[in-house]
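Quick notes on the structure that follows.
The values are calculated or read from the model by the stated rules, or taken from the named source; none is laboratory data. This is a predicted model, so every value here is computed, not measured. Neighbour counts are summed over all protein chains in view; Cβ atoms, including those assigned to glycine, are modelled from backbone coordinates with ideal geometry.
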Amino acid sequence: MGANAQKITDYFETKFRQKIKNLETTIPTMKEGANCSELTLTSILDILGVDSILFHNAAIPLAGGFCGYKSKRDWMGACGAVSGGCAAIGVIMGGNKEVIKYQDTQAVYATVRRFADDFEKNFGSVVCHELCGYDLSNPSNFLAYARNDAWAKKCYKFVVWAVDEIGKLTKQHLATKWGMMVK
């Protein structure tokens, strides 16, 4: 590895460590203003220096609206840290110059599958309801989730793990697609 490549790798490893440390100390006590999907995606975007209110607004419905959703046919949505993580992987692997090319989508899909597989191995599921213990599509369950402090007891850990794992899985792409961010 050349000196510049090592500088880029070191830069992103430092940014990820700083973000993980910040998340571990700040998000367990959060009571409002963010959710698992939003925090996972926007933490990565913050590391990349491309955060925008548009990303927050796009990610917010993924958590309680989609991820915590349970259909009438018992389909249950994935944890928001997983869905936000999948979006973050796409941003990292796609870069900021062009839309992911068709021939590159299989590599993105493979990385997302590995991320989801690793998440499931670590936590036993990728399904929000199974992880937090609440069907968040039911408003009274959502209130119980908040009242019982499930975020501080369980869910914030999924975000921290997801951000850390994304840094590891996308190390090469961070250097090749985002290295120009390093001064």
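What about Glu165, is it modelled with pLDDT under 90 and under 30 Å from Ala5 (Cα atoms)?
Values: modelled with pLDDT under 90: no; under 30 Å from Ala5 (Cα atoms): yes.
For Glu165, the condition - modelled with pLDDT under 90 and under 30 Å from Ala5 (Cα atoms) - is not met.
Looking only at region 59-76, decide whether some residue is under 11 Å from the mean Cα position of the chain (by Cα), part of a loop (DSSP other than H, G, I, E, B) and either closer than 21 Å to Asp118 by Cβ or modelled with pLDDT under 75 (or both). Looking through region 59-76, none of the residues is under 11 Å from the mean Cα position of the chain (by Cα), part of a loop (DSSP other than H, G, I, E, B) and either closer than 21 Å to Asp118 by Cβ or modelled with pLDDT under 75 (or both).
A count restricted to region 96-119 and to residues that are crowded, with 17+ Cβ neighbours inside 10 Å and either without any contact (Cβ under 8 Å) to a residue 40 or more places away in the chain or not in a helix (DSSP H, G or I) (or both) stands at 3.
Within the option set Ala110, Ala116, Ala146, Ala162, being farther than 12 Å from Val82 by Cα, under 19 Å from the mean Cα position of the chain (by Cα) and not aromatic (Phe, Trp, Tyr) holds for one residue only, Ala110.
Residue count for region 1-43 satisfying the condition of being in a helix (DSSP H, G or I), over 13 Å from the mean Cα position of the chain (by Cα) and not charged (D, E, K, R): 16. Within region 120-138, restricting attention to residues that are of a type in the set (A, V, I, L, M, F, W, C) and part of a helix (DSSP H, G or I), the residue that is surrounded by the fewest Cβ atoms within 10 Å (Cβ to Cβ) is Phe123. Of the residues that sit in region 13-38 and are in contact with a Gly (Cβ under 7 Å, 6 or more places away or on another chain) and not hydroxyl-bearing (Ser, Thr, Tyr), which one is nearest to Val182 (Cα to Cα)? Checking each candidate, the answer is Phe16.
Would you confirm, using the coordinates I've provided, whether Asn141 is surrounded by 13 or more Cβ atoms within 10 Å (Cβ to Cβ), of a type in the set (S, T, N, Q) and not in a helix (DSSP H, G or I)? Even if it seems obvious, please write down each step before you answer.
Working: surrounded by 13 or more Cβ atoms within 10 Å (Cβ to Cβ): yes; of a type in the set (S, T, N, Q): yes; not in a helix (DSSP H, G or I): no.
So Asn141 fails the test.
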